[in-house]
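This report refers to the structure that appears directly beneath it.
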There are 2 protein chains.
Amino acid sequence: MLEVGPVPGDPCLRADAARNRARLLEAAARLIAEHGAAGVTMEAVAAEAQVGKGTVFRRFGDRTGLLMALLDHSARQLQSDFMSGPPPLGPGAPPLDRLRAFGLAVLRRSADQLDLQLAAQPDADRRFSHPAAGALSTHITVLLRQIIPDADCDLLAQTLMASLDPALIHHLTRQRGMPRERLEAGWTDLVARVTRTEPPR
Amino acid sequence: MLEVGPVPGDPCLRADAARNRARLLEAAARLIAEHGAAGVTMEAVAAEAQVGKGTVFRRFGDRTGLLMALLDHSARQLQSDFMSGPPPLGPGAPPLDRLRAFGLAVLRRSADQLDLQLAAQPDADRRFSHPAAGALSTHITVLLRQIIPDADCDLLAQTLMASLDPALIHHLTRQRGMPRERLEAGWTDLVARVTRTEPPR
């Protein structure tokens, strides 16, 4: 994960720089959603965001820097959505609804960024310990504790997260041709079984 | 996975060669169980199996060849245990008992060979498609179909397998210090939830 620290110097320049950065990342995200990761070049992002190519290079260094910044941006977006966004993903909905919405949001994000997520997947000995994975499984653990307080929610959260592993989604959708709807229904069913509740009608 | 083909030539020699090979692999497995993967050197295996060092080198080429052969041997052993071994892992026990026993057998195998399994883990885009993973998830799918025929057993099998991922076991036991007993209880609980049955007393 790239660290997105503040830009030093003048506060107005900082705000400008942050806006420009976000604009470039949103342009890159649109390109990925439309053409896959292969469609994201420095030139294409510059054209999509209507800025000069030099601006994109100055900001991200190279294509890998851009793609890593994009993954980081979207991970932060997801995190902010479930921490403080509107329900059912964000606070305000019952924990079971939030848990269902969480998996669907992760599956939707993976549908757009699967190539990137696969390429950025850490080695086996750090896959579950890197901070982004920790933030997601902590969120699931907290929700599970509200739904099934007597269970080993920590372990069940890991299992739920493992069912959303990008490598597994890649295998199921691309190598075995399952439609995304089946994975979404599978998540809803899994949540119902793990929490011993009835699936929503 | 190394292919374990027949040794060409005289049938008695072939049988002899297979026996010697198995003896060396069992010696290596004992060393791993006692000292971890670091304790397995060509010299140590030769000493443990009471053969000359040259025999081990002729058979496996180098240490990597030996370790891969060992993983392959133990994967085949597990497969033969659940396909044709004694119940509850093998045929003859109710499918729910076999499913419980399967996860415990996988956890036990990982406890002995975790370093090896981590080192041999394929890249993200082949992790779920390589033949060894396929054999295990097919077995779980077949058992689930007997227990919960109306469910999407194919997807649930992937989730159950994902909860036994060596990278996850590594994270939980070594990075977070959970005892193996907790993972074993977690598997039994997960099976009960996924199948909507009561956990065994």
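The values are calculated or read from the model by the stated rules, or taken from the named source; none is laboratory data. Keep in mind that this is a model prediction, so the values were computed, not measured. Neighbour counts are summed over all protein chains in view; Cβ atoms, including those assigned to glycine, are modelled from backbone coordinates with ideal geometry. Ligands, DNA and RNA are stripped out before the accessible areas are found, and what is left, the full protein with its side chains, is counted by its heavy atoms. Shrake-Rupley method; radii C 1.70, N 1.55, O 1.52, S 1.80 Å.
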Worksheet item: For region B:45-65, how many residues meet the condition of being open to solvent by 40 Å² or more (accessible area, probe 1.4 Å), part of a helix (DSSP H, G or I) and either modelled with pLDDT under 90 or of a type in the set (Val, Ile, Thr) (or both)?
Response: 3
Response to the item:
So, first residue under 14 Å from A:Gln158 (Cβ atoms) and in contact (Cβ under 8 Å) with a residue 40 or more places away in the chain in region B:173-195, second residue in a helix (DSSP H, G or I) and small (Gly, Ala, Ser), Cβ within less than 7 Å, six or more apart or across chains; the pairs are B:Trp187/B:Gly103
Practice prompt. Run down B:Met68, B:Met42 and say which single residue is modelled with pLDDT under 90 and surrounded by 17 or more Cβ atoms within 10 Å (Cβ to Cβ).
Written response: B:Met68
Worksheet item: Tell me, which helices (runs of 4 or more DSSP H) lie completely within region B:123-201 with 3 or more residues that are at the interface with chain A (Cβ under 7 Å from one of its Cβ atoms) and under 21 Å from A:Gln175 (Cα atoms)?
Response: B:153-162
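Inspect region A:110-118 for any residue being facing another protein chain (nearest Cβ under 9 Å) and either in a helix (DSSP H, G or I) or in contact with a helix residue (DSSP H, G or I) (Cβ under 9 Å, 6 or more places away or on another chain) (or both) and give the result as yes or no. Steps first, please.
Here is the first cut: in region A:110-118, the residues facing another protein chain (nearest Cβ under 9 Å) are A:117-118.
Restricting the remaining residues to those that are either in a helix (DSSP H, G or I) or in contact with a helix residue (DSSP H, G or I) (Cβ under 9 Å, 6 or more places away or on another chain) (or both) gives A:117-118.
Yes, region A:110-118 contains a residue that is facing another protein chain (nearest Cβ under 9 Å) and either in a helix (DSSP H, G or I) or in contact with a helix residue (DSSP H, G or I) (Cβ under 9 Å, 6 or more places away or on another chain) (or both).
Please state which one of A:Ser80, A:Ser74 is at pLDDT 90 or above, hydroxyl-bearing (Ser, Thr, Tyr) and within 18 Å of the chain's Cα centre (by Cα). Before the answer, list the steps.
On the way: A:Ser74 fails: at pLDDT 90 or above.
Result of the check over A:Ser80, A:Ser74: A:Ser80.
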Response to the item:
Here the residues within region B:116-130 that are under 14 Å from the mean Cα position of the chain (by Cα) and of a type in the set (S, T, N, Q) are B:Gln117, B:Gln121
